[in-house]
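Notes to accompany the following structure.
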Amino acid sequence: MKIPVAGFDPSLTHWGIAEAMLDMSTGILDTPKLTLLEPERLKHKQVRQNSMDLHEAEQLAKVALEVARRSKIIFVEVPVGSQSARAMGSYGVCVGILGSIRAEGISLIEVTAIEVKLALAGIKTATKAQMIEAALAFYPDANFPRQGSRVVAKAEHVADAIGTIHAGVRTPMFNNILRLYKEV
């Protein structure tokens, strides 16, 4: 049996999404459909920062909720802390959107950045380039962001989203879900 799943790498400026079908009996993931959410910024000089943040959060939430509603399980690298007030604002928006998804009763399986790096690249200190390279090796036919034929650096966000799925299927929480599917 195959189920629709999604991986999220949340960020206010570059939210990576990987959607695919996961075969529950083999653990094999079909080639994912990749989406890089880059909210449109308001460009008026008179617009307050909080109004711009709300505008961007609305764009992210709309797509993230649509993806979550059509997925059985969401794997997510939940952001942690920040070193500036601006980064804390981004963190708050991302956690708020994820909380909204969970409030709708949609399962979120949380993974750490190290788990994502290990699961996809096999190196706990993998660089952005190594994560992209590993994702391309697994899914050469996926629709990575490109400029011409070259995969661009911001593809790291969708590579991390793929990595969340790879890491998430190794968690005890997913193994419990897997056991339930096998009993049905």
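The values are calculated or read from the model by the stated rules, or taken from the named source; none is laboratory data. Worth saying up front: this structure is predicted, and the values here are computed from it rather than measured. Ideal geometry is used to build each Cβ from the backbone, glycine not excepted, and the neighbour counts take in all protein chains shown.
Structure notes:
- Gly81 being part of a loop (DSSP other than H, G, I, E, B), over 15 Å from the mean Cα position of the chain (by Cα) and without any contact (Cβ under 8 Å) to a residue 12 or more places away in the chain: yes
- Pair list, Cβ under 8 Å, 6 or more apart: segment 51-63 residue under 15 Å from Tyr91 (Cβ atoms), other residue exposed (fewer than 15 other Cβ atoms within 10 Å of the Cβ) and of a type in the set (Lys, Arg): Glu56/Arg41
- For Ser71, the conditions (1) surrounded by fewer than 19 Cβ atoms within 10 Å (Cβ to Cβ); (2) part of a loop (DSSP other than H, G, I, E, B); (3) in contact with a Pro (Cβ under 6 Å, 6 or more places away or on another chain); (4) not β-branched (Val, Ile, Thr) are fulfilled apart from (1).
- Checking Arg70 against (1) of a type in the set (Lys, Arg); (2) more than 19 Å from the chain's Cα centre (by Cα); (3) under 27 Å from Ile132 (Cβ atoms), the condition it does not meet: (2)
- Listed by position, the helices (runs of 4 or more DSSP H) contained in segment 89-184 that have at least 3 residues being buried (at least 18 other Cβ atoms within 10 Å of the Cβ) are 113-121, 128-138, 156-168.
- For segment 136-158, the criterion of being closer than 16 Å to Lys72 by Cβ and of a type in the set (S, T, N, Q) is met by none of the residues.
- Residue within segment 118-127 that is under 22 Å from Ile73 (Cα atoms) and either modelled with pLDDT under 95 or touching a Lys or Arg at 6+ places or on another chain (Cβ under 8 Å) (or both) present: yes
- Out of Lys154, Lys124, one residue alone is without any contact (Cβ under 8 Å) to a residue 60 or more places away in the chain and of a type in the set (Lys, Arg). It is Lys124.
To keep it simple, each residue is scored yes or no on (1) more than 18 Å from Ala64 (Cα to Cα); (2) in contact with a strand residue (DSSP E or B) (Cβ under 7 Å, 6 or more places away or on another chain); (3) in contact (Cβ under 8 Å) with a residue 12 or more places away in the chain; (4) of a type outside the set (A, V, I, L, M, F, W, C).
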position	(1), (2), (3), (4)
Ala6	no, yes, yes, no
Ser11	no, no, yes, yes
His14	no, yes, yes, yes
Ile17	no, yes, yes, no
Leu22	yes, yes, yes, no
Ser25	yes, no, yes, yes
Asp30	yes, yes, yes, yes
Leu34	no, yes, yes, no
Leu37	no, yes, yes, no
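- Selection within segment 114-139 - over 16 Å from the mean Cα position of the chain (by Cα), among the charged types (D, E, K, R) and more than 23 Å from Asp30 (Cβ to Cβ): Lys124
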